[in-house]
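Visitor: Mind looking over this structure? Questions follow.
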Amino acid sequence: MILHPATDAEILATFEVMAHLRPMLTRDAYVARIRQLMASDGYRLTAIVEDGQVRAVAGWRLLDMLYCGRFLSVDDLVSDPAARSRGHGKALLDWLKAEAQREGCGHLELISNVVREGAHRFYFREGLAVDAFHFRVTL
């Protein structure tokens, strides 16, 4: 089942899975941080729920840029390690692709840390490709 967490309880229910990808997050500050991103940047959460448990979660937003037009940007995409290889990540990514099309986006993109080789194999298998470098400087 696809869930779009809206209540504080629904948002908090995604914490355990999200924390596998974002271990710097704390349970106490999680809902407030998600609400802040929702209010300031249009951040959205979508989750796959099976048997009452969150199995995969994505944090994403719609963006529009001069160089590429409207697109769906995935900030966070993670599945529960205890439930991996059961199709939850694929189902969530498929939903995100369909949502991008429904929203009139030209593409979906995500940024993945270079050390996440297992995730990269999944992304390549699902038709994503590397088409740019993402540069950063710490200030």
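Visitor: When only residues in segment 63-99 that are within 16 Å of LEU128 (Cβ to Cβ) and over 13 Å from the mean Cα position of the chain (by Cα) count, which is modelled with the lowest pLDDT?
Guide: That would be CYS68.
Visitor: Report yes if some residue within segment 40-62 is modelled with pLDDT of 95 or more, out of contact with any Asp or Glu (no Cβ under 7 Å at 6 or more places or on another chain), assigned to a strand (DSSP E or B) and on the phi > 0 side of the Ramachandran plot; otherwise report no.
Guide: Within segment 40-62 (the criterion being modelled with pLDDT of 95 or more, out of contact with any Asp or Glu (no Cβ under 7 Å at 6 or more places or on another chain), assigned to a strand (DSSP E or B) and on the phi > 0 side of the Ramachandran plot), the answer is no, since none of the residues qualifies.
Visitor: Going by what's in this entry, would LEU108 be described as crowded, with 19+ Cβ neighbours inside 10 Å, assigned to a helix (DSSP H, G or I), within 13 Å of the chain's Cα centre (by Cα) and not small (Gly, Ala, Ser)? Give the steps one after another, and end with the answer.
Guide: On the way: crowded, with 19+ Cβ neighbours inside 10 Å: yes; assigned to a helix (DSSP H, G or I): no; within 13 Å of the chain's Cα centre (by Cα): yes; not small (Gly, Ala, Ser): yes.
Considered against the rule, which asks whether it is crowded, with 19+ Cβ neighbours inside 10 Å, assigned to a helix (DSSP H, G or I), within 13 Å of the chain's Cα centre (by Cα) and not small (Gly, Ala, Ser), LEU108 comes out as no.
Visitor: Being of a type in the set (Asp, Glu) and in a helix (DSSP H, G or I) narrows it down to one of ASP94, ASP76, ASP131, so name that one. If you could, list the steps in order and put the result at the bottom.
Guide: On the way: ASP76 fails: in a helix (DSSP H, G or I); ASP131 fails: in a helix (DSSP H, G or I).
The conditions single out ASP94.
Visitor: Search segment 27-40 for residues that are closer than 15 Å to VAL57 by Cβ and pair each with any residue that is among the hydroxyl-bearing types (Ser, Thr, Tyr) when their beta-carbon atoms are under 6 Å apart and the residues are at least 6 apart or on different chains.
Guide: Qualifying pairs under 6 Å: LEU37/TYR43.
Visitor: Only one residue in ARG136, ARG121 is outside any loop (DSSP other than H, G, I, E, B), without any contact (Cβ under 8 Å) to a residue 12 or more places away in the chain and exposed (fewer than 11 other Cβ atoms within 10 Å of the Cβ). Which one?
Guide: Values: ARG136 fails: outside any loop (DSSP other than H, G, I, E, B).
One residue alone meets the criteria, ARG121.
Visitor: Could you tell me which numbered condition MET24 fails, if it satisfies all but one of (1) loosely packed, with under 14 Cβ neighbours inside 10 Å; (2) over 23 Å from ARG116 (Cβ atoms); (3) out of contact with any Ser or Thr (no Cβ under 9 Å at 6 or more places or on another chain)?
Guide: Status for MET24: all satisfied but (2).
Visitor: Related question: Residue check: is ASP64 touching a Phe, Trp or Tyr at 6+ places or on another chain (Cβ under 9 Å), surrounded by fewer than 14 Cβ atoms within 10 Å (Cβ to Cβ) and either within 15 Å of LEU3 (Cβ to Cβ) or not aliphatic (A, V, I, L, M) (or both)? Working first, answer last.
Guide: Numbers: touching a Phe, Trp or Tyr at 6+ places or on another chain (Cβ under 9 Å): yes; surrounded by fewer than 14 Cβ atoms within 10 Å (Cβ to Cβ): yes; either within 15 Å of LEU3 (Cβ to Cβ) or not aliphatic (A, V, I, L, M) (or both): yes.
Yes: the conditions hold for ASP64.
Visitor: With the requirement that a residue be under 22 Å from LEU93 (Cβ atoms) and either assigned to a helix (DSSP H, G or I) or touching a residue at least 60 places away in the same chain (Cβ under 8 Å) (or both), what does segment 1-26 give you?
Guide: Once the filter is applied, which keeps residues that are under 22 Å from LEU93 (Cβ atoms) and either assigned to a helix (DSSP H, G or I) or touching a residue at least 60 places away in the same chain (Cβ under 8 Å) (or both), segment 1-26 yields ILE2, GLU10, ILE11, ALA13, PHE15, GLU16, VAL17, MET18, ALA19, HIS20, LEU21.
Visitor: Looking at (1) in contact with a Ser or Thr (Cβ under 7 Å, 6 or more places away or on another chain); (2) aromatic (Phe, Trp, Tyr); (3) in a strand (DSSP E or B), find the lone condition where PHE71 falls short.
Guide: (1)
The values are calculated or read from the model by the stated rules, or taken from the named source; none is laboratory data. It should be emphasised that the depicted structure is a prediction, and the values quoted were computed from it without experimental measurement. Glycine gets a Cβ as well: all are built from the backbone with ideal geometry, and neighbour counts include every protein chain shown.
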